[in-house]
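Asker: Below is a structure I'd like to ask you about.
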Amino acid sequence: MALELLKAQISLLLEEMVNQPEDEHEIQEQLREKLREMRAMGLPLPADLVALEKQLDDDLDVEES
């Protein structure tokens with residue numbers, strides 16, 4: 001059940017990223033938190049979300065440079 005709930009929450013966050021780009025950084029942090037929760041529970045992370053997390057981190061590094 002926990003996995004399905006986390007997947008649903010992540011799906012909503014991804015929709016928010018598209019629909020509310022002005023809140024992008026806050027939504028990205030919430031997404032990272034959900035992925036940390038999944039890791040902490042030992043749940044498998046979908047490869048596409050791991051790739052998205054890396055891309056978000058890379059984008060953040062570029063913005064800070």
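Asker: When you scan segment 23-35, do you find a residue that is farther than 14 Å from Leu56 by Cα and open to solvent by 90 Å² or more (accessible area, probe 1.4 Å), even just one?
Answerer: no
Asker: Answer with yes or no whether Glu4 is closer than 20 Å to Glu64 by Cβ, open to solvent by 100 Å² or more (accessible area, probe 1.4 Å) and not basic (Lys, Arg).
Answerer: no
Asker: Identify the residue in segment 16-35 that is polar (S, T, N, Q) and assigned to a helix (DSSP H, G or I) and, among all such residues, is nearest to Leu6 (Cα to Cα).
Answerer: Gln30
Asker: Out of all the residues in segment 36-65, which are open to solvent by less than 80 Å² (accessible area, probe 1.4 Å) and not in a helix (DSSP H, G or I)?
Answerer: Gly42, Leu43, Leu45, Pro46 - these are the residues of segment 36-65 that are open to solvent by less than 80 Å² (accessible area, probe 1.4 Å) and not in a helix (DSSP H, G or I).
Asker: In addition: Please count how many residues of segment 9-22 are open to solvent by 50 Å² or more (accessible area, probe 1.4 Å) and either among the aliphatic types (A, V, I, L, M) or in contact with a His (Cβ under 8 Å, 6 or more places away or on another chain) (or both).
Answerer: Result for segment 9-22: 3.
The values are calculated or read from the model by the stated rules, or taken from the named source; none is laboratory data. Since the structure is predicted, the reported quantities are computational estimates derived from the model, not experimental observations. Using ideal geometry, Cβ is built from the backbone for each residue, glycine included, and neighbour counts are taken over all protein chains shown. Heavy atoms of the whole protein, side chains included, go into the accessibility calculation; ligands, DNA and RNA do not. Shrake-Rupley method; radii C 1.70, N 1.55, O 1.52, S 1.80 Å.
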